[in-house]
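One structure, pasted below without further comment.
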Amino acid sequence: MKIEFSKYHGAGNDFVLIDNRSTSYKLSDDTVKFLCDRHMGIGADGLMFLNNSNDFDFEMKYYNSDGKESTMCGNGGRCITAFASHLGIINTKTSFIAIDGEHQAEILADDKDVMQLRLKMVDVCSVKFYNEDYIINTGSPHYIKFVDKVSAIDVFNEGKAIRFDKEISENGVNVNFVEIKEDRIFVRTYERGVEDETLACGTGVTASAIAYALNKDINEVKIKTLGGELKVNFTKTEDAYRDIWLTGPATFVFKGEIEIGK
């Protein structure tokens, strides 16, 4: 069986996208893992189905490269919005449903294969502290550790140790190492499910921005990642961070078809 797909990336965080509105594919964990494999398959940090929805423009269903369905992906949310636009499903604004609930997104600029978009994230109503570090859920659980020089961090080994630490999280956690720059933060992330560092993580930079803003009178944080620049805006209230918007690029890479079985 051949499957048509498109590939996108958001600041280097790359995805296989499949229009599943009329085909209703149900892929096994092994098949998803194969499609995301960088040597034997297409190669990606994750795979997304764009499904039909009765109440929204579409449904986003996200799988990590280990083949398992996962929690929300912020860069993926922007990429699937760009994909929906290229399919003619939406114009410049959309409302879609994902595993963590409803999301709104807006295309701010469209230069054919590269779009600038903003994506509304879930509200953050609690911040947990672990020693001098932070644990924040932005649709996916994130551990945030501030460091002096993030470029010197062994993200794979140090991130892996925290990701699998049962005292921190029974189900595992994404790990972000954050350096404070003059006018922005520099974030590197070890992602669970990918089990490696990714070039950017949307929910991770969102969590890192909130941790950075905790004791500051600010409502915007600029973020540098290995794959590009992102920005997070929010509104602080007495008990939560609301109206959280993640802004950044979504880039079309290529499309094609691949054989996944007989």
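If you keep only loop residues by DSSP, which trypsin sites (Lys or Arg not before Pro) in the stretch 25-61 have at most 15 other Cβ atoms within 10 Å of their Cβ?
In loop regions of the stretch 25-61 (DSSP not H, G, I, E or B), the sparsely surrounded trypsin sites (Lys or Arg not before Pro) are 26, 38.
What relative contact order, as a whole-number percentage, does the chain give when Cα pairs under 8 Å and 6 or more residues apart are counted?
It rounds to 23 percent for the chain.
Tally the DSSP beta bridges in the chain and give the antiparallel ones as a percent, rounded to 5.
Close to 85 percent.
If you don't mind, there's one more thing I want to ask. Kindly put 257, 106, 220 in sequence by how many other C-beta atoms sit within 10 Å of each C-beta, fewest to most.
257, 220, 106
Then there is this: Using every pair of alpha-carbon atoms in the chain, split the distances into 5 Å bins beginning at 0 and state the percent of pairs per bin, rounded to integers.
Reading upward from the zero bin: 1, 6, 14, 19, 20, 17, 12, 7, 3, 1, 0, 0.
Can you pull out the trypsin sites (Lys or Arg not before Pro) in the stretch 112-145 that DSSP calls coil and that have at most 13 other Cβ atoms within 10 Å?
Passing both the DSSP loop test and the Cβ count: 112.
For 184, 78, 192, what ranking results if the residue with the fewest other Cβ atoms within 10 Å of its Cβ goes first?
With the sparsest Cβ surroundings first, the list reads 184, 192, 78.
Over the stretch 128-247, what relative contact order in percent results from Cα pairs under 8 Å that are six or more residues apart?
Worked out over the stretch 128-247, it gives 19 percent.
Using helices alone, I'd like the mean residue ellipticity at 222 nm for the chain: each DSSP H run of four-plus residues gives -39500 (n - 2.57), total over residue count, nearest 500.
Dividing the helical sum by the residues of the chain leaves -5000 deg cm²/dmol.
Any read-out appearing in this document is the output of simple, stated calculations on the displayed coordinates, not a laboratory observation. Please read all numbers here as calculations on a predicted model, not as lab measurements. Heads up, the Cβs are rebuilt from the backbone with ideal geometry, glycines too, and the neighbour counts pull from every protein chain shown.
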